[in-house]
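Engineer: Got a structure for you, questions after.
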Amino acid sequence: MTHPLPTVPIASAQGVHFTLSNGTRIIDGMSSWWAALHGYRHPKLDEAIRRQVTDCMSHVMFGGLTHRTAVLLACRLLEMVNNDLDAESNDDDDDDDDQCLKRMANHSIDAHHNHDHHFTKVFLSDSGSIAIEVAMKMAIQYWFTILGGNCSKTKFVSLRNGYHGDTFGAMSICDPINGMHSMFDGILAKQWFIPSPSGCREEDGVETIRQLEQVLTCHSKEIAAVVMEPIVQGAGGMKFYHPSVLRKARELCDEYNVLLIFDEIATGFGRTGAMFAGWHDEESYRPWSSSLVQDYCTDEDTPRKGGHTNAEKAKSIVYPDIVCLGKALTGGYVTMGATLTTSKVAHGISDQGGPFMHGPTFMANPLACSVALASLKLLRTSPWEERVNHVREQLIKNLSPLAQLSSVREVRVLGAIGVCELKESLSREQMEIVQRALVNEGVWLRPFGKLLYTMPPFNCEELEDEHLRKIGEAMHIVASDL
C-alpha cells in the first residue's frame, strides 16, 4: 500500500489504444483484465450509457422497485446461458426487446427445458467477487432449507491454482498455498481442495477426477457444492484443461447429491472460443502448447468449428447448477456481476426458507444493465467466433518464438488468450523493469508471478494483425532480457 510499483497515467482510451498523459499511444493487450472485449469508446456502448442517463435514470434501489433494463437483461442472460438464441435479432431494437420480455412474461423461459439444468433465475450484483459470494450463499441456503437447520453441507470443493475473488467467501475457495491469500489462511473457512489438471489433454485430468470422486465419496454429506473455473484457471496460473473434466465433475456431483458452480467471470462471453467456457467439447476446444506441438498444430490444420446447431450443442454442453458472470458482461464499462441458477435451487431456497438474504446497494444498476444489454447484442450480432479464431492463429504465430528462449518454460494459447510462462517468478525489481520496457515498446501488459500474458480486445473492429505482432515482439524483447 505504501510502496506500489510505478503507475502509468492514462489520459484517454479509444479502440485498442491507451493515450498516456504525455500523448504517447500504446496498445492495450489486457482488455482491462478480460473486460473490454469490444475495445474502448465503442459508439453503441457510449450511446447506451448516454441514453440511459438522459432518458431514464442512473440509479434506483432494487428492493421493492424494478426497472425495464434489469428485467430485459435477466431475460437476455437466461436466453444466452441456456443456449436459447435460435431466433435472429430484429432490426427494430424495441420490438426485439418487447418479444424477449413477452417470452419472460409468459414464463416460456421457465417452462422450456432443453437440458436437465435449465437456468430460470438471475441475481444481479455489483462485481464478480460478489457474484461468487451470492453463489456460495445460494448453495448453503439451499441445503439448509432442504435438509433442515442441522444441515452439515456447508463446505466447498475447489481446484488447486483456482482464483475466485478477493472477498472472504471467495478467498476461502482460492488456492490457500499457491494463491495470493495465504496470509489469511488461519481465519478463512476451511474448504476441500483437489489437484488441478496437469495439462490441457484429456489424460491430464484423470487424477483430478479421481481425487474429486474420493473427496465426494468420503465427505459429500459435508459438501454444498463443487466450484470450478471451466477450462481456464485465470489468476491462479492461466492454465487450460480438457472439457472432459467438467463432464465427469457434473456426473459426480449428480451422483453424490452436490451442487456444481461454474465461475465464468473471466471466461464468459467468447474469450475462450466458445460463448461460455463450459460449452466446450472435443471439437471446439483448441488449445495450443509449445510443449505439445506434435499434438496441436497451428495454421496448417483444418480449423475445427464450434458451430453446432443449438440442439447438437445442448447435448454436449455441461451445465452447472449455478453460474457466475462478470468482467466482460458490460463490455468493460461499468462494474457488474450476475449469478444464475435453476428453478430447483431457487425453489429449494424460497419455498420453505423465505427470501434469499442478499441485497447490494447497487445491484441491477440501470447504467450497468443498459450497457450490458448493448454489449451482449453487439457480441451476438458480430462475427465474434471468426475473430477469436483469427486472434488465436495470430497469437500462436507471434508468441510461439518465445518458447525458444532460455527463460521460458512454455507458451500456450486458447481462443483469445496468449500465455508465456517463465521458468522463474519475476522479482519486484524485475516486474518494474519489465513493465517499463513493455510500455517503451508501445504495449500495455500486466505480468504477474511467472506469467507474461495477453488478452487483447478480440471483438474490437480496430484490432489488427499489426497490433498482435507488436504484442508478441514486446513480450519477446522483455523475456529475452530475463
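Engineer: When you scan segment 128-166, how many residues do you find that are open to solvent by less than 20 Å² (accessible area, probe 1.4 Å) and within 23 Å of the chain's Cα centre (by Cα)?
Structural biologist: Final tally of qualifying residues: 15.
Engineer: Let me ask something else about it. Sort out which residues of segment 223-238 are of a type in the set (A, V, I, L, M, F, W, C), part of a loop (DSSP other than H, G, I, E, B) and in contact with a helix residue (DSSP H, G or I) (Cβ under 6 Å, 6 or more places away or on another chain), and write them in order of number.
Structural biologist: ILE231 - this is the single residue of segment 223-238 that is of a type in the set (A, V, I, L, M, F, W, C), part of a loop (DSSP other than H, G, I, E, B) and in contact with a helix residue (DSSP H, G or I) (Cβ under 6 Å, 6 or more places away or on another chain).
Results for (1) more than 26 Å from LYS423 (Cα to Cα); (2) outside any loop (DSSP other than H, G, I, E, B); (3) of a type in the set (Asp, Glu), shown as yes or no for each residue.
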{"site": "PRO197", "(1), (2), (3)": "no, no, no"}
{"site": "ASP204", "(1), (2), (3)": "no, yes, yes"}
{"site": "THR208", "(1), (2), (3)": "no, yes, no"}
{"site": "ILE261", "(1), (2), (3)": "yes, yes, no"}
{"site": "GLU283", "(1), (2), (3)": "yes, no, yes"}
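Engineer: Criterion first (closer than 23 Å to LEU329 by Cβ, open to solvent by less than 30 Å² (accessible area, probe 1.4 Å) and among the aliphatic types (A, V, I, L, M)) does MET475 satisfy it? Before the answer, list the steps.
Structural biologist: Numbers: closer than 23 Å to LEU329 by Cβ: no; open to solvent by less than 30 Å² (accessible area, probe 1.4 Å): yes; among the aliphatic types (A, V, I, L, M): yes.
No.
Engineer: Restricting to segment 239-254, what's the tally of residues that are surrounded by fewer than 24 Cβ atoms within 10 Å (Cβ to Cβ) and part of a loop (DSSP other than H, G, I, E, B)?
Structural biologist: The qualifying residues number 1.
Engineer: Please specify each residue of segment 417-451 satisfying the condition of being under 14 Å from ALA479 (Cα atoms), in contact (Cβ under 8 Å) with a residue 24 or more places away in the chain and among the small types (Gly, Ala, Ser).
Structural biologist: Of everything in segment 417-451, those that are under 14 Å from ALA479 (Cα atoms), in contact (Cβ under 8 Å) with a residue 24 or more places away in the chain and among the small types (Gly, Ala, Ser) turn out to be SER425, ALA437, GLY449.
Engineer: Here is a further query. Go through segment 135-158 and give me each residue that's in a helix (DSSP H, G or I) and of a type in the set (Ser, Thr, Tyr). Write out each step before concluding.
Structural biologist: Start the filter on segment 135-158 by keeping residues that are in a helix (DSSP H, G or I), which leaves 135-147.
TYR142, THR145, listed by residue number.
Engineer: Next question, about the same structure. Look through segment 357-386, keep the residues that are assigned to a loop (DSSP other than H, G, I, E, B) and hydrophobic (A, V, I, L, M, F, W, C), and return whichever of them is least open to solvent (accessible area, probe 1.4 Å).
Structural biologist: ALA364
A quick yes/no check of all residues on (1) in contact with a strand residue (DSSP E or B) (Cβ under 9 Å, 6 or more places away or on another chain); (2) of a type in the set (A, V, I, L, M); (3) farther than 26 Å from ARG201 by Cβ; (4) open to solvent by less than 50 Å² (accessible area, probe 1.4 Å):
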| position | (1), (2), (3), (4) |
| --- | --- |
| VAL388 | no, yes, no, yes |
| ARG392 | yes, no, no, yes |
| ALA403 | yes, yes, no, yes |
| ARG409 | yes, no, no, no |
| LEU414 | yes, yes, no, yes |
| LEU422 | yes, yes, no, yes |
| LEU438 | yes, yes, yes, yes |
| GLY449 | yes, no, no, yes |
| ARG469 | no, no, yes, no |
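Engineer: Turning to a different aspect of this structure: For MET431, only one of the following conditions fails: (1) surrounded by fewer than 20 Cβ atoms within 10 Å (Cβ to Cβ); (2) in contact with a helix residue (DSSP H, G or I) (Cβ under 9 Å, 6 or more places away or on another chain). What is its number?
Structural biologist: MET431 satisfies all of (1) surrounded by fewer than 20 Cβ atoms within 10 Å (Cβ to Cβ); (2) in contact with a helix residue (DSSP H, G or I) (Cβ under 9 Å, 6 or more places away or on another chain) except (2).
Engineer: If a residue must be open to solvent by 10 Å² or more (accessible area, probe 1.4 Å) and under 26 Å from the mean Cα position of the chain (by Cα), how many such residues does segment 13-26 contain?
Structural biologist: 4
Engineer: ASP116 - would you say it is surrounded by fewer than 20 Cβ atoms within 10 Å (Cβ to Cβ), at pLDDT 80 or above, under 26 Å from the mean Cα position of the chain (by Cα) and among the acidic types (Asp, Glu)?
Structural biologist: When the stated conditions are applied, ASP116 does not pass them.
Engineer: For segment 320-356, enumerate the residues that are among the hydroxyl-bearing types (Ser, Thr, Tyr), buried (at least 24 other Cβ atoms within 10 Å of the Cβ) and in a loop (DSSP other than H, G, I, E, B).
Structural biologist: Keep residues of segment 320-356 that are among the hydroxyl-bearing types (Ser, Thr, Tyr), which gives 330, 333, 335, 339, 341-343, 350.
Filter once more, so that each one left must be buried (at least 24 other Cβ atoms within 10 Å of the Cβ): 330, 333, 339, 341.
Passing the criteria: only TYR333.
Engineer: Just name the residue that is modelled with the lowest pLDDT out of those in segment 172-222 that are aliphatic (A, V, I, L, M), open to solvent by 30 Å² or more (accessible area, probe 1.4 Å) and out of contact with any helix residue (DSSP H, G or I) (no Cβ under 7 Å at 6 or more places or on another chain).
Structural biologist: So, considering only residues that are aliphatic (A, V, I, L, M), open to solvent by 30 Å² or more (accessible area, probe 1.4 Å) and out of contact with any helix residue (DSSP H, G or I) (no Cβ under 7 Å at 6 or more places or on another chain), the one modelled with the lowest pLDDT is MET180.
Engineer: For segment 33-48, give me each residue that is touching a residue at least 40 places away in the same chain (Cβ under 8 Å), more than 11 Å from CYS369 (Cβ to Cβ) and either open to solvent by less than 80 Å² (accessible area, probe 1.4 Å) or aliphatic (A, V, I, L, M) (or both).
Structural biologist: Matches in segment 33-48: TRP34, ALA35, ALA36, LEU37, HIS38, GLY39, TYR40, HIS42, LEU45, GLU47.
Engineer: How do the helices (runs of 4 or more DSSP H) wholly within segment 1-103 filter down when requiring 1 or more residues that are in contact with a Pro (Cβ under 6 Å, 6 or more places away or on another chain): which remain?
Structural biologist: 31-34, 68-81
The values are calculated or read from the model by the stated rules, or taken from the named source; none is laboratory data. None of the values given here were measured: they were computed from a predicted structure. With ideal geometry, Cβ positions are generated from the backbone for all residues, glycine too; neighbour counts draw on all protein chains shown. Protein only, heavy atoms only, side chains kept; ligands, DNA and RNA dropped before computing areas. Shrake-Rupley method; radii C 1.70, N 1.55, O 1.52, S 1.80 Å.
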